[in-house]
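Take a look at the structure set out below.
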Amino acid sequence: MKHPITVIIFIFLLAGLFPPIACGEGPSATGPVRIKADTLSHDKESDTYRASGNVEIVWDTITLFSDMASLNQASNEAEASGNVRLLKDGDLLTGDRLRINVGTEQGEVINGDLFVKQTNFRVRGKRMAKVGKDDYLLEQGTFTTCDGDSPSWKFTAGDLSVTLEEYASGHNAVFYVKDIPLFYTPYIIFPVKRERQSGFLLPRIGSSTKKGFFLDIPYYWAISPSQDVTFDLELESKRGVGVGVDYRYIRKRGSEGSFRGFGIYDTQQERFRGDVAEKHMEELSSSLTFKSDINMTLERDFYRDFTVTSGIYNQQILESSASLTKNWASSSLAGEFKYIDNLDALNNRETQQRLPTLTFTAIRRRAGSVPLYFALDSDFTNFYRAEGQRGERLDFRPSLTLYEALPAGLGLSVWGGYRQRLYNAFGAESGKGYHGDGLADAGALISTTLARVYDTEWGGVKKVKHTLIPEAGYRYVQEKGQDTLPFFDFNDRVVGESMTTWSLTSYLTGKILQNDEFPAYRDLLSMRLSQGYQLSGSRRDLLTLVDEGRPFTDIRLEARFNPMKRLSVSTDSRFNPYRLDFSTAAIDADVTDDRGNLAGVGYHFSRGQVEYLAGKVGVALVKPFIFNYTGRYSFDRGAFLEAYYAVEYKAQCWSIIFSFRDRPDNREFLVSFALAGVGAVGPMKAF
């Protein structure tokens, strides 16, 4: 039976004319088997279909294309030749000739080429046997994640075993860059997974003033869908051999945590050095939460010698805490242990600890039918240190607030409260014994909201909503002498004040229309100006120096400007109206594009304390190179605090990064490699 036109046969529907396909001992196809070809015939004696010309055989999620093919129902075997292509879920197997069982999907292909779409993984072999649903055996195999007949890198092996979603392993492997062999290994294992996979990650090589030549060899272990860990072996010519671990996990109900540690026997200083860090958050119930954040080091200068991350290598304190919080509809109770390690001190015996602090908070609740609301803030703290003053403090702060709507859209809030502090102190003469002290405070705030929408033609911004919120307030805190009280922190020396304040907050929100889609909204500008006038009392500002005897406070400007999606300018600065200059200034600007280019600059100044300029630049205009620079310059020191340079050569399936970090006490050069698809670490899954 031959036809010059395309013929489609649904075998399971024609069971009355042809016997069903047998599956032997293996599983059968789970759906209909369709054969489509220019010419199709059936041999009743052998129960075999033969097809030629644009052959297409479909079963389950698999499609087989070829010039010629046959399908034997008795053995459930299909054979194909000429431009063979086997397509499954986007993955593609090609070859000269193919034999496959349509039930078990086992068979072999001559001169086969396997392509895994999601990871761009490519395997080639002179003979490729499919021994399982996702298992392959190859003779004279090659694998890479690069495109083209002459890939940028590849591994070859005399024999290769591949299991999709698991690993590829082989013997007598050679690594090539283009056609140049670089190294040989008698055995290799290579992850072939779409998600997280265990295995060695690419090493990092570098040289440092403090470490000497160093080599970091990481191994990643995907323990389960909700756990993974990375082990590091770091070889340092000046310091010795270090071992690191970084473990992450997630649990039910959103609970999660991590543990990180590093240890090394420092051959230069002849002592063991290291640190550990742990974080955990456990949702014991919908209203009960446990958190811990532990950071510890064996000695005080560890981070200066072994950490390169900005903000960590020169940190002054380590803070550890553990807390338990219970929430109700309108209140909460929390207990926290907090331990501080002062790294700048010779030892930690005089560092004050909070072991523990108990906090009870009742949020504002309406009292009766009048618009009067009651709130409570309270805490009990046990202060401890090995040397110096110790003791306990109970801080109890109830308050009442009245909310009232006034004519002309004005809103008024008036509050009053009383702060009672009770002490038991010992270990020092000042403030020793039992003490009690109460302070009254009160205040009022009146405000309104004005808004208007404007039509614009600024790019894709079609409408702009301007919101203006003026506020005026008054705050009173009773002024009392507190020198006889213990001094644990600044809550023991509350500054009395009588101060009026004003503020003006402005928002610009843009309505953006693009390509007839639903409109998007973006905050184009948010800005707040504020100032106070001191009628009596004193002031304290921990961020900058305070001008005593001057009633006006600094004018504070807080602003964030986003004229475009990828451009942001922000500031938080204080201007002194008497000196006519800035007491503090913090200005940051960042711009990026969708091609990898970026630039940023930040200026930070505090009168009499610090002044520095930070900048970063990323340039991806000269493909395939990407250049990055970050630096911080201190004006008060007249020198750079840090400079970091990096250049990355990024190809389609690999990249190499050369970086140099320059600090006053250390210079470090690092080389990092990356092969696409090798050592990729994906997100974890919940249970």
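If you go through region 543-562 one residue at a time, how many are surrounded by fewer than 16 Cβ atoms within 10 Å (Cβ to Cβ), in contact (Cβ under 8 Å) with a residue 12 or more places away in the chain and not charged (D, E, K, R)?
Matching residues across region 543-562 total 4.
Can we say Phe302 is buried (at least 17 other Cβ atoms within 10 Å of the Cβ) and either closer than 30 Å to Arg667 by Cβ or not hydrophobic (A, V, I, L, M, F, W, C) (or both)?
Against the criterion (buried (at least 17 other Cβ atoms within 10 Å of the Cβ) and either closer than 30 Å to Arg667 by Cβ or not hydrophobic (A, V, I, L, M, F, W, C) (or both)), Phe302 qualifies.
Provide a single number: the residues in region 407-441 that are closer than 13 Å to Arg390 by Cβ and polar (S, T, N, Q).
Number of matching residues: 2.
Spot the failing condition for Arg300; the list is (1) assigned to a loop (DSSP other than H, G, I, E, B); (2) under 24 Å from the mean Cα position of the chain (by Cα), and only one is missed.
(2) is the only condition that Arg300 fails.
Against the conditions (1) surrounded by 15 or more Cβ atoms within 10 Å (Cβ to Cβ); (2) closer than 17 Å to Ser634 by Cα, where does Gly608 fall short? Just the number, please.
(1)
Report the residue count in region 443-478 for those that are in a strand (DSSP E or B), among the β-branched types (Val, Ile, Thr) and closer than 14 Å to Thr509 by Cβ.
First, the residues of region 443-478 that are in a strand (DSSP E or B): 443-447, 450-458, 461-477.
Right, trim to among the β-branched types (Val, Ile, Thr) and you get 446, 453, 456, 461, 464, 467, 469, 477.
Still in the list and also closer than 14 Å to Thr509 by Cβ: 453, 456, 461, 464, 467, 469.
Number satisfying all stated conditions: 6.
Per-residue answers, yes or no, for (1) at pLDDT below 90; (2) surrounded by 17 or more Cβ atoms within 10 Å (Cβ to Cβ); (3) under 30 Å from Tyr249 (Cβ atoms); (4) in contact with a helix residue (DSSP H, G or I) (Cβ under 9 Å, 6 or more places away or on another chain):
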residue	(1), (2), (3), (4)
Ala614	no, yes, no, no
Gly618	no, yes, no, no
Phe627	no, no, no, no
Ala639	yes, no, no, no
Asp665	yes, no, no, yes
Glu668	no, yes, no, no
Pro683	yes, no, yes, no
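Suppose the filter is without any contact (Cβ under 8 Å) to a residue 12 or more places away in the chain and within 27 Å of Ile340 (Cα to Cα); does Gly388 pass it? Spell out how you get there, then give the answer.
Details: without any contact (Cβ under 8 Å) to a residue 12 or more places away in the chain: no; within 27 Å of Ile340 (Cα to Cα): yes.
No; evaluated as a whole, the condition is false for this residue.
Can you tell me which residue within region 31-52, out of those that are among the hydroxyl-bearing types (Ser, Thr, Tyr) and either touching a Gly at 6+ places or on another chain (Cβ under 8 Å) or assigned to a strand (DSSP E or B) (or both), is surrounded by the most Cβ atoms within 10 Å (Cβ to Cβ)?
From region 31-52, those among the hydroxyl-bearing types (Ser, Thr, Tyr) are 39, 41, 46, 48-49, 52; that's our starting set.
Keeping just the survivors that are either touching a Gly at 6+ places or on another chain (Cβ under 8 Å) or assigned to a strand (DSSP E or B) (or both) gives 39, 41, 48-49, 52.
Details: Thr39: 18, Ser41: 15, Thr48: 17, Tyr49: 23, Ser52: 18.
Out of the qualifying residues, it is Tyr49.
At pLDDT 90 or above and either farther than 17 Å from Arg99 by Cα or among the basic types (Lys, Arg) (or both): which single residue out of Gly53, Gly31, Gly16 fits that description?
None of the others qualify; the one that does is Gly53.
Would region 642-656 turn up any residue that is over 30 Å from Phe673 (Cβ atoms), surrounded by fewer than 16 Cβ atoms within 10 Å (Cβ to Cβ) and touching a strand residue (DSSP E or B) at 6+ places or on another chain (Cβ under 7 Å)?
Within region 642-656 (the criterion being over 30 Å from Phe673 (Cβ atoms), surrounded by fewer than 16 Cβ atoms within 10 Å (Cβ to Cβ) and touching a strand residue (DSSP E or B) at 6+ places or on another chain (Cβ under 7 Å)), the answer is no, since none of the residues qualifies.
Give me the pairs: first residue in region 266-277 and aromatic (Phe, Trp, Tyr), second residue part of a strand (DSSP E or B), beta-carbon distance under 8 Å, and six or more apart or on different chains, which are they?
Close Cβ pairs satisfying both conditions: Phe272/Gly263; Phe272/Ile264; Phe272/Tyr265; Phe272/Asp266.
Could you please tell me which pairs satisfy a Cβ distance under 9 Å, a separation of 6+ or placement on different chains, a first residue in region 64-90 that is in contact (Cβ under 8 Å) with a residue 12 or more places away in the chain and farther than 16 Å from Gly103 by Cα, and a second residue that is in a loop (DSSP other than H, G, I, E, B) and among the basic types (Lys, Arg)?
Asp89/Lys117; Gly90/Lys117
Of the conditions (1) out of contact with any Asp or Glu (no Cβ under 9 Å at 6 or more places or on another chain); (2) among the polar types (S, T, N, Q); (3) free of Cβ contacts under 8 Å to residues at least 40 places away in the same chain, Gln227 fails just one. Which one is it?
(3)
Collect the residues in region 121-147 that are under 37 Å from the mean Cα position of the chain (by Cα) and over 20 Å from Val174 (Cα atoms), keeping them in residue-number order. Steps first, answer last, please.
Here is the first cut: in region 121-147, the ones under 37 Å from the mean Cα position of the chain (by Cα) are 121-124, 133-136, 142-147.
Lys133, Asp134, Asp135, listed by residue number.
Do we find that Leu202 is hydrophobic (A, V, I, L, M, F, W, C) and outside any strand (DSSP E or B) in this structure?
For Leu202, the condition - hydrophobic (A, V, I, L, M, F, W, C) and outside any strand (DSSP E or B) - is met.
Does Gly631 satisfy the criteria of being crowded, with 16+ Cβ neighbours inside 10 Å, more than 22 Å from the chain's Cα centre (by Cα) and within 20 Å of Leu557 (Cβ to Cβ)? Give the derivation first.
Values: crowded, with 16+ Cβ neighbours inside 10 Å: yes; more than 22 Å from the chain's Cα centre (by Cα): yes; within 20 Å of Leu557 (Cβ to Cβ): no.
So Gly631 fails the test.
Going through Ala322, Ala362 one at a time, which residue ends up being more than 22 Å from Asp266 (Cα to Cα), within 25 Å of the chain's Cα centre (by Cα) and either aliphatic (A, V, I, L, M) or not in a strand (DSSP E or B) (or both)?
Answer to the selection: Ala322.
Quick one: in region 365-394, of everything that is in a loop (DSSP other than H, G, I, E, B) and surrounded by 15 or more Cβ atoms within 10 Å (Cβ to Cβ), which residue is nearest to the chain's Cα centre (by Cα)?
Arg385
Of the residues that sit in region 416-442 and are loosely packed, with under 14 Cβ neighbours inside 10 Å and not in a strand (DSSP E or B), which one is farthest from the chain's Cα centre (by Cα)?
So, considering only residues that are loosely packed, with under 14 Cβ neighbours inside 10 Å and not in a strand (DSSP E or B), the one farthest from the chain's Cα centre (by Cα) is Glu429.
Among residues belonging to region 115-135 that are crowded, with 22+ Cβ neighbours inside 10 Å and under 13 Å from Ser161 (Cβ atoms), point out the one that is modelled with the lowest pLDDT.
This residue is Lys130.
Look at Lys154 and say whether it is without any contact (Cβ under 8 Å) to a residue 60 or more places away in the chain and buried (at least 19 other Cβ atoms within 10 Å of the Cβ).
yes
Within region 551-580, can you find the residues that are in a strand (DSSP E or B) and among the basic types (Lys, Arg)?
Arg556, Arg560, Arg574
Listed here are the residues, each with its yes/no results for (1) touching a Phe, Trp or Tyr at 6+ places or on another chain (Cβ under 8 Å); (2) exposed (fewer than 15 other Cβ atoms within 10 Å of the Cβ); (3) at pLDDT 95 or above; (4) closer than 18 Å to Asp275 by Cα.
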{"position": "Ile312", "(1), (2), (3), (4)": "yes, yes, no, yes"}
{"position": "Gln315", "(1), (2), (3), (4)": "yes, no, no, yes"}
{"position": "Ser323", "(1), (2), (3), (4)": "yes, no, yes, no"}
{"position": "Lys326", "(1), (2), (3), (4)": "no, no, yes, no"}
{"position": "Asp344", "(1), (2), (3), (4)": "no, yes, no, yes"}
{"position": "Asn347", "(1), (2), (3), (4)": "no, yes, no, yes"}
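Among the residues of region 53-74, what is the count of those that are of a type in the set (D, E, K, R) and part of a strand (DSSP E or B)? Spell out how you get there, then give the answer.
Our first condition is that a residue be of a type in the set (D, E, K, R); within region 53-74, this holds for 56, 60, 67.
Still in the list and also part of a strand (DSSP E or B): 56, 67.
Total satisfying the criteria: 2.
The values are calculated or read from the model by the stated rules, or taken from the named source; none is laboratory data. Just so it is clear, the model here is predicted, and its values are computed rather than measured. Here Cβ is always computed from backbone atoms with ideal geometry, including for glycine, and neighbour counts include all displayed protein chains.
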